[in-house]
Amino acid sequence: MIFVTVGTHEQQFNRLVREVDRLRGEKLIEEKVVIQTGFSTYEPVFCEWSRLYPYQQMLQYVAEARIVITHGGPSSFIMPLQQGKVPIVVPRQKGYGEHVNDHQVEFCRAVATRRKNIIVIEEIGELWNAIHMYGMSRPEAVTEMEGNNQKFLDEFKRIVKGLRINTTNKGR
């Protein structure tokens, strides 16, 4: 099964929904496809879909899916990473009326470069190749999400320690 989620952003993401439905309709995708369409105006003909699914249902679909395709929102692509899956990420783009700016494109490029654990597709025509080649050569999922809290605390302690040393030296 392939699970597609476009998130809950109030702008349409017809470009992704329509392309996945087309691929399924042309039988390029032969397995079941479930799409969370959000505020998209295009209604799939060849795929199972709903505008929104409850969170627990989303988790279940991600767990069952062979491939998860998401928009570029971090919450959406972190979910499959946490389940050990490498998502195909199609960032929303301003030029298609999918978002107010291109921050998803920039963010996804940065994650793909630094973490190498997502497959980013900016041009929708490249989606079929990513689906077709999925599993043949893909990055490994990084399931251990590294938090910034410990880094912050370590750096904060280092700065405070440096301040104490400077204060102590000034009094002499």
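The values are calculated or read from the model by the stated rules, or taken from the named source; none is laboratory data. Computed from a prediction, not measured in an experiment: that's the story for all the values here. Every residue, glycine as well, gets a Cβ built from its backbone with ideal geometry; the counts of neighbours run over all protein chains shown. Accessible surface is based on the protein model in full, side chains and every heavy atom, while ligands, DNA and RNA are left aside. Shrake-Rupley method; radii C 1.70, N 1.55, O 1.52, S 1.80 Å.
Some notes on this structure:
- Residue list for the range 24-52, filter: aromatic (Phe, Trp, Tyr), touching a strand residue (DSSP E or B) at 6+ places or on another chain (Cβ under 9 Å) and open to solvent by less than 100 Å² (accessible area, probe 1.4 Å): Trp49
- Close pairs (7 angstrom Cβ cut-off, 6 or more residues apart or separate chains): over 18 Å from Arg15 (Cα atoms) in the range 32-58, open to solvent by less than 80 Å² (accessible area, probe 1.4 Å) and assigned to a loop (DSSP other than H, G, I, E, B) anywhere: Lys32/Met1
- Strands (runs of 3 or more DSSP E) completely within the range 1-51 that count 2 or more residues being within 16 Å of Ala130 (Cα to Cα): 2-5
Conditions tested, residue by residue: (1) surrounded by 13 or more Cβ atoms within 10 Å (Cβ to Cβ); (2) at pLDDT below 95.
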{"site": "Pro54", "(1), (2)": "no, no"}
{"site": "Ala63", "(1), (2)": "yes, no"}
{"site": "Ile69", "(1), (2)": "yes, no"}
{"site": "Phe77", "(1), (2)": "yes, yes"}
{"site": "Gly97", "(1), (2)": "yes, yes"}
{"site": "Phe107", "(1), (2)": "yes, yes"}
{"site": "Glu122", "(1), (2)": "yes, no"}
{"site": "Gly125", "(1), (2)": "no, no"}
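- Residue that is nearest to Glu48 (Cα to Cα), among those in the range 62-102 that are in contact with a Gly (Cβ under 8 Å, 6 or more places away or on another chain) and not in a loop (DSSP other than H, G, I, E, B): Thr70
- Candidate set: the range 109-120, residues that are not in a loop (DSSP other than H, G, I, E, B) and not basic (Lys, Arg); chosen: the one most open to solvent (accessible area, probe 1.4 Å): Thr113
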